[in-house]
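Report on the structure given below.
The values are calculated or read from the model by the stated rules, or taken from the named source; none is laboratory data. Small disclaimer: the values here were computed from a predicted structure and weren't measured. Ideal geometry is used to build each Cβ from the backbone, glycine not excepted, and the neighbour counts take in all protein chains shown.
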C-alpha cells in the first residue's frame, strides 16, 4: 500500500511495499528514496522537494501507519471533504476556481463527520440540493504553505448523486467563477486544466464499479 502526497505537482509516496509503479519512479535520476523514519531523514527530503529538479520522493517502512504518523507530524494538519457529484444524465459536476477546474470541497468543521461535511460543501459551493450520498471513494493529500506554516490537507471524497434539474449557484466568496455539468465523454477538457490530486481521485472513481 502507499499514500501519495502532493507538494505542488511533485509527489511523495509513503509506502510499505515497492510495487512496479514505485520501482519505475525510483529509476528516475532525480527521485529520492528514504528507508528510515528519523526526523533528520524526513527533514532532508522536505529540503530536497523545493529544488526545481526534484522528481518524486519515496519513503519506505514496513509499518505504514508508523511512517505516516512520523511524516505528518511535520505539518499542521487539516481535514477536508468533497464530492464527486453525478446527475441523472450521468454528468459530473465541476467548478472553476482560481482558473482551474476542480471538484467542490472544503474544510471539515469541528465535530462534523466527513460525509456530512462533503454534502454541506457541495451544497454551499454549487447550490445543488437533494443530494443522495452513495459511498466514500478515497482520500487525497496535498501540502501548502501559508502564514509561515506548513500545512498538509487530507481530503475525503464521496460519490453522490442528484437531479439534473438544478439551479447552479457558484459561491463567489470562495472564488468560484463557474459551475458546469460535464458528460463523461467530454471529461478530458476539465481534466486538462486541473490538479494532479483531482486526476487521481477521478481515476479511482472510474475504476470503481
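Condition check: assigned by TED's automatic domain parsing to the domain that holds residue 131, without any contact (Cβ under 8 Å) to a residue 60 or more places away in the chain and more than 24 Å from residue 68 (Cβ to Cβ). Does residue 177 satisfy that?
no
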Within segment 20-35, which residues are under 22 Å from residue 70 (Cα atoms) and loosely packed, with under 14 Cβ neighbours inside 10 Å?
35
Among residues belonging to segment 190-209 that are exposed (fewer than 13 other Cβ atoms within 10 Å of the Cβ) and touching a residue at least 24 places away in the same chain (Cβ under 8 Å), point out the one that is nearest to residue 87 (Cα to Cα).
208
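Find the residue count for segment 144-155, including only residues that are touching a residue at least 60 places away in the same chain (Cβ under 8 Å) and surrounded by fewer than 18 Cβ atoms within 10 Å (Cβ to Cβ). Outline the logic, then answer.
Here is the first cut: in segment 144-155, the residues touching a residue at least 60 places away in the same chain (Cβ under 8 Å) are 149-155.
Keeping just the survivors that are surrounded by fewer than 18 Cβ atoms within 10 Å (Cβ to Cβ) gives 149-151.
Residues in segment 144-155 being touching a residue at least 60 places away in the same chain (Cβ under 8 Å) and surrounded by fewer than 18 Cβ atoms within 10 Å (Cβ to Cβ): 3 in total.
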Going through segment 31-64 in order, the residues found to be over 18 Å from residue 3 (Cα atoms), part of a loop (DSSP other than H, G, I, E, B) and touching a helix residue (DSSP H, G or I) at 6+ places or on another chain (Cβ under 9 Å) are 38, 54
In segment 160-192, residue nearest to the chain's Cα centre (by Cα) [restricted to those that are closer than 12 Å to residue 95 by Cα and assigned to a helix (DSSP H, G or I)]:
191
Which condition number does residue 136 fail, the rest of (1) in contact with a helix residue (DSSP H, G or I) (Cβ under 8 Å, 6 or more places away or on another chain); (2) more than 15 Å from residue 97 (Cα to Cα); (3) in contact (Cβ under 8 Å) with a residue 24 or more places away in the chain being met?
(3)
Quick test for you: out of 182, 169, pick the one residue that is surrounded by fewer than 18 Cβ atoms within 10 Å (Cβ to Cβ) and at pLDDT below 95.
169
Could you tell me whether segment 5-20 includes any residue that is assigned to a helix (DSSP H, G or I) and in contact with a strand residue (DSSP E or B) (Cβ under 7 Å, 6 or more places away or on another chain)?
no
Restricting segment 77-123 to residues that are without any contact (Cβ under 8 Å) to a residue 60 or more places away in the chain and part of a strand (DSSP E or B), the residue that is farthest from residue 189 (Cα to Cα)
107
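To keep it simple, each residue is scored yes or no on (1) surrounded by fewer than 20 Cβ atoms within 10 Å (Cβ to Cβ); (2) assigned by TED's automatic domain parsing to the domain that holds residue 164; (3) at pLDDT 95 or above; (4) farther than 16 Å from residue 198 by Cα.
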position	(1), (2), (3), (4)
95	no, yes, yes, no
104	no, yes, yes, no
116	yes, yes, yes, yes
136	yes, yes, yes, no
